[in-house]
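Please treat every number below as a calculation from the coordinates, not as lab data. Predicted, not measured: the structure shown is a model, and the values here were computed from it. Here the Cβ is made from the backbone with ideal geometry for all residues, glycine too, and neighbour counts use every protein chain on show.
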């Protein structure tokens, strides 16, 4: 199995190194046959090639069995015409990586939920409200005047049908429940089309139950009772904020002796929008240090 390793920006190389440490241990234990190849994206590639995503990297990615992509700082990239390409979005669109499957579960004694949680978020990734992937040419976000900004949303029956099918296939192997999250009370046509296609697919899976929940209620229920959900299905923009929420629920509660480090993380998050939970994180903050300990701990568990 050939894996292309792309460390990314900021703390990306540090996180990637910790991940590779675990993968190499697992490969040695279970003879997975991993072949790791390395290349550069992000600011490192921009300095050398004039773009954050060289065509050669995209070609190598298409020929690989998998990609290990470190965090990227695309919010800080220059405009696209100056080489600033959102790497993750480009991979999803150009390689048609339409299904973002996000598992989240708790282990005994770990996590912030009272009851066990084991759910799967299935997110469509190639269209929706994201302006860099919903137009054939140009951007789906524009300003007709200096004081008006507009954004287009693209929802297609084709994309809704295939992501729904992936969700039901996963649910059939799990606890046979799909929760379709939407905002059809306001987005009557676009989310209405999404639900229409989901219901069509549901009719082919008589052994899997379908429920539909508005995103407002889902945000509360996911915190209050995450254990009741199995496979959560949503469009691109709707599913995106659910991922950090369910990951946070599965994390251990921070200990008091780490209070100083948590304050450092909060300050780091304030310096760059989204850095606390998303994006690359500022390298100078040394936020990624705990990952070294986590990688070593995972490797020791695998060895046992």
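Here the residues 21, 170, 182, ranked from fewest to most Cβ neighbours within 10 Å of their Cβ, fall in the order 21, 170, 182. Within the stretch 192-209, find all residues whose amide N lies under 14 Å from a label point positioned 7 Å from the Cα of residue 174 along Cα-to-beta-carbon. So the set is 208-209. Dividing the convex hull volume of the alpha carbon atoms of the stretch 131-209 by its residue count gives 112 Å³ per residue. Listed from fewest to most Cβ neighbours within 10 Å, the set 122, 22 follows the order 22, 122. Sorted on the mean count of surrounding Cβ atoms within 10 Å across their residues, most packed first, peptides 5-16, 202-213 read 5-16, 202-213.
I'd like to compare 232-242, 129-139: which one has the highest average count of other Cβ atoms within 10 Å, and what's the full order after that?
On the way: 232-242: 22.5, 129-139: 14.5.
Put in order of decreasing packing, that is 232-242, 129-139.
The residue 37 and residue 141 beta-carbon pair, evaluated with R₀ = 25 Å, returns a calculated FRET efficiency of approximately 0.10.
Radius of gyration (Cα atoms) of the stretch 1-97, expressed as a multiple of 2.2 N^0.38 Å: 1.10.
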